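Read the figures in this text as sums done on the coordinates, not as results from a lab. Predicted, not measured: the structure shown is a model, and the values here were computed from it. When we count neighbours, we look across all protein chains shown, and the Cβ atoms used for this are built from the backbone with ideal geometry, even at glycine.
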Amino acid sequence: MSLSSEPAQHSVDSRPGPTRTSALGLSIAFFIGAFALGTSENVVSGILPQLARGLSVSEGTAGQLVSVYAATVVVAGPILTLVLQGVKARRVVFSALVLYLLGSLLAAASSSFAIMVLSRLITGLVHTTLMVVFLTTALKLAPEGKQASAAARITMGLSVATVLGVPVGVLVAQHLNWRFAFLLIAALAAASLVLIAVFFPRDLHSDAAEADRRASLKAMGRPKVFLGILATALTAMAALTLVVYVVPFLTESVGVSSGSVAAIMFIYGLASVLGNSLGGRIANRDLGLALAVTITATMISLSLLVALPDRGLLTVSLVVLLGAAYFSTFPPLNTWIAKAAEDVSPTLALAFNSSAFNVGIALAGWIGGLVLNCGIPEERLPAVAIVPAVIATAVAYLLYSKNRHNASKN
C-alpha cells in the first residue's frame, strides 16, 4: 500500500538540494524501481495459468507464490531495514537492487516450483528496503514544500504498474512466454540500477532509529491505530482473495477468452487509479466518512459478484468496479493511520500498516489456493472473500462512529 507524505516531517534535513539533472535522474530511477516492484508483486495473478503449466503445478499451488512474496515482505522487510540503519543509503539501495535483479532473472530461468519460490523469497526480502530508501531519499533531497510531490512520483510507479505493468506482463506471457514477464521486471530493475549508480549521492546515510521506540510501539496499540491497521489487512484479504485468482475466475467462471484478459486487466488497472484519486478527494472532505464509504463499496462489489458470478460482461464490469472500490480505500486508510499516530510516530504506524496489507495478501493467496485445491469452483471465490469484507466494513463504521462522537463532544 502506498505511503502517506506525512513522514516527510521526520526525514527532511538541511543539506543543499541536488542539481536539477541529478534530481531528475533520481526521480526517474525511483519511479522505474517502484514500477518494477509493483509489477513483480502483482504480475503472478495475471499469468497464473501459464505459470502453473510451465512449472507443472496446479493454479492453486502457483497462486501460493503471491503468499510467499507477501509473507517475505511482512517478516523480512522491516527486520532488514532495521539492521541496515546507519549504512550508506547508496550502498543499501545498490545492493538491494542487484539482489532484486538476480531474483527476477532466477524467476525467468526457473525450471521448478521450488526455484520459483526461492526467487520470490529473494525479491520479497528487499522489497520493503528498496521502497524505504526510495521514499526517504526523495523526501530528504526534495526542496522545502515539495516533499509530498517527491513521494507521489515514487508511489505513482506502483499505481502505473497496476495500469500498465501487469497488463504488459500478461500480454508478454500470452504471446511469448511467462518467463519474459520476469525478464521485463529484470530489465526495469537494471535500468533503475544504472540510473542510481550515476545519480545517487555518495554521502547519504539511512536515518537513525527514532529516540523513543517504546512510546512509538505502545502507540500502535491505540484503538484508532490498531483498528485502522486491522481494516487494512481485512480489506486486502477480501479483495485479493478474488483478484489473485482473477484470471481463472474470468476464463473458467465468466467464460472470458484468454486473449481478452490483458484488456480487462488494463481496464481494471485504470479503474484502480481513478478509484485511488476519488478516495483521496473524499478523504480530504471527511476522513472518517471516506473510510466507511470506500470499504463499504468494496464489500458491496464483492456481494454483487456473489450474486452474479457468471453473467458475462456484467460480471466483468463488477470485477472492474471492485478494482476502483478497493483502491479507493488506500488514501483514507493511510491518512487515518498516520493521523492517529501523528503525535508519536506516523512513520512506524504506516510501516505496520504496510505489513498488515501484505498479511492480507498472503492470507488471500493461501485461502484462495486452498479453496481451488479442494475442487471448489472459481465462481465461489467472491463468497469466500465476503467474510473479511463484512468484518472490515464493521470495523470502518466503528471507527467512523467513534470519530463522529468525539467530534460532537468537541
Estimated inter-spin distance, A187 and K218, nm [label 7 Å along Cα→Cβ]: 5.4
Most to least packed among 177-187, 53-63, 70-80 [average Cβ atoms within 10 Å]: 177-187, 70-80, 53-63
Residues L322, L195 arranged by fewest to most Cβ contacts within 10 Å: L195, L322
Inter-label distance, nm, simple model (7 Å from Cα along the C-beta direction), A109/T251: 2.8
